[in-house]
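Reading through the structure tokens given below for one structure.
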Amino acid sequence: MITPEPRPGLRGIEPYEAPQLDVRARLNTNECPYPLPEGFRRELAEAVGSQALNRYPDREALELRAALAEHAGHAVEGTWAANGSNEVIEQLLLAYGGPKRRVVVFEPTYLLHRRLAWIAHSEVERVELEPPWRIHADDMVRKHRHGHPAVVFICSPNNPTGNAQDPDIVAATAELAKGELFIVDEAYIEFGGASMLPHLERLPNLVIVRTFSKAFALAGARIGYCLTSPQVVEDLRRVRLPYHLSSLTQTAGIVALRHAREAASILDRVREQRDRIAAALPGLGVEAFPSDANFVLFRPPGSAAQVWQGLLDRGVLVRDLSAVVPGCLRVTAGTPEEVDLFLSALEEVLA
Ligand SMILES: *Cc1c(COP(=O)(O)O)cnc(C)c1O
């Protein structure tokens, strides 16, 4: 039998996937617990119905990018969209990573950054941070210990720790950079923390990556975007697949942006539940880390795996992040009812 030989190391890694289980409270992937309102659905159905799907989509996604640029207050030439922010990041790494090019990540952080760097055949350099995981100027120096990297990732607010970084420290380092691209993942910026946006005009090596999957309540639509300099967008056009963004996706994004104000009105409710979780956990003997995002990282006493299973047995699915931050689980701020269920299940498990 002739078996195909995959790229070296491929079978040494597991597929990146969180469990998708049918339970009462799915609090493991940081989605928004509320869908966009009925008006959005109606408009979207109508807009999709009038699409000419026998034709390729607008390759440059100009209408969507113009709407995103307006939404963010940035130039359309420096605004780019793709199928989720993960695809934006993959495209950035295809353009700026590659063999013998180093990608720095500050850990603990979002595992996909490292994974996507590997997919793009880049070398990964991990700089470890200590709780409360704030990046200081000297951490920025540490990333240079093997010379200048090609790409530096910052996640703010950071997943899974929840803390935001200081934009001024990131900007000060980016200003002194010699050719490296600074990718700041702002997937949770609508929930808290300060954006890098005010620094964008002055820093052509800065990319702010954002998503519709969290605050915009559209994880199912797969829309992400970035705000950067026109040169970076030009480079992304060289690596993206032709017609990478379907007409259906572009339409969903355009219609969703018309409902941006309604989406924003949900944020307070989510933050309220996040703060409620963070306030309740210490009373259960659980260490909770402060969060600027829509989730809370927490460390229960005893085995994280056992607590995770105990919660699941009671219909509550959270994320086991003990491989990333020792002993820790992460819970998404859901509806008040879901949070009730989470807190009472956790109390039972720990009893
Ligand atoms: C959830 C998340 C994303 C979102 O990815 P999409 O591909 O846009 O769904 C990006 N970055 C971080 C840090 C996240 O936690």
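At a glance:
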read-out: Candidate set: segment 11-23, residues that are away from the ligand (no atom under 16 Å from the Cβ), within 25 Å of the chain's Cα centre (by Cα) and exposed (fewer than 10 other Cβ atoms within 10 Å of the Cβ); chosen: the one farthest from residue 295 (Cα to Cα); value: 12
read-out: Residue in segment 137-150 that is surrounded by fewer than 22 Cβ atoms within 10 Å (Cβ to Cβ), within 16 Å of the ligand (Cβ to nearest atom) and over 17 Å from residue 232 (Cα atoms) present; value: no
read-out: Qualifying residue in segment 192-208 (condition: over 18 Å from residue 106 (Cβ atoms), in contact (Cβ under 8 Å) with a residue 40 or more places away in the chain and under 17 Å from the mean Cα position of the chain (by Cα)); value: yes
read-out: Sole residue being of a type in the set (Gly, Ala, Ser) and in contact (Cβ under 8 Å) with a residue 24 or more places away in the chain, chosen from 288, 260, 278; value: 260
read-out: Residue match in segment 36-51 (condition: assigned to a helix (DSSP H, G or I) and under 27 Å from residue 296 (Cα atoms)); value: no
read-out: Evaluation of residue 52 against (1) of a type in the set (A, V, I, L, M); (2) closer than 17 Å to residue 234 by Cβ; (3) more than 16 Å from the ligand (Cβ to nearest atom); (4) over 20 Å from the mean Cα position of the chain (by Cα) (one fails), failing number; value: (2)
read-out: Number of the exception - residue 96 against (1) loosely packed, with under 14 Cβ neighbours inside 10 Å; (2) in contact with an Asp or Glu (Cβ under 9 Å, 6 or more places away or on another chain); (3) aromatic (Phe, Trp, Tyr); value: (1)
read-out: Test for residue 301: is it outside any helix (DSSP H, G or I) and out of contact with any Ser or Thr (no Cβ under 9 Å at 6 or more places or on another chain); value: yes
read-out: Helices (runs of 4 or more DSSP H) wholly inside segment 157-264 containing at least 2 residues that are modelled with pLDDT under 95 and more than 16 Å from the ligand (Cβ to nearest atom); value: 167-176
read-out: Filter result (farther than 30 Å from residue 345 by Cβ and either touching a helix residue (DSSP H, G or I) at 6+ places or on another chain (Cβ under 6 Å) or among the charged types (D, E, K, R) (or both)) within segment 3-36; value: 5, 7, 11
read-out: Scope segment 13-67; condition in contact with a Phe, Trp or Tyr (Cβ under 7 Å, 6 or more places away or on another chain) and among the polar types (S, T, N, Q); matching residues; value: 30
read-out: Flag if residue 98 is more than 15 Å from the ligand (Cβ to nearest atom), out of contact with any helix residue (DSSP H, G or I) (no Cβ under 9 Å at 6 or more places or on another chain), within 24 Å of residue 229 (Cβ to Cβ) and small (Gly, Ala, Ser); value: yes
read-out: Matching residues in segment 314-340 - criterion: being in contact (Cβ under 8 Å) with a residue 24 or more places away in the chain and within 15 Å of residue 19 (Cβ to Cβ); value: 315, 316, 317, 318, 319, 321, 329, 330, 331, 332
read-out: Tally of residues being of a type outside the set (A, V, I, L, M, F, W, C) and surrounded by 22 or more Cβ atoms within 10 Å (Cβ to Cβ) across segment 320-351; value: 3
read-out: Meets criteria (farther than 30 Å from residue 29 by Cα and of a type outside the set (Val, Ile, Thr)) for residue 193; value: no
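Listed here are the residues, each with its yes/no results for (1) farther than 30 Å from residue 333 by Cα; (2) surrounded by 14 or more Cβ atoms within 10 Å (Cβ to Cβ); (3) not assigned by TED's automatic domain parsing to the domain that holds residue 246.
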| site | (1), (2), (3) |
| --- | --- |
| 25 | no, yes, yes |
| 29 | no, yes, yes |
| 42 | no, no, no |
| 45 | no, no, no |
| 51 | yes, yes, no |
| 58 | yes, yes, no |
| 64 | no, yes, no |
| 68 | no, yes, no |
| 79 | no, yes, no |
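The values are calculated or read from the model by the stated rules, or taken from the named source; none is laboratory data. Predicted model, so just to flag it, every value in this text is computed and none were measured. Heads up, the Cβs are rebuilt from the backbone with ideal geometry, glycines too, and the neighbour counts pull from every protein chain shown.
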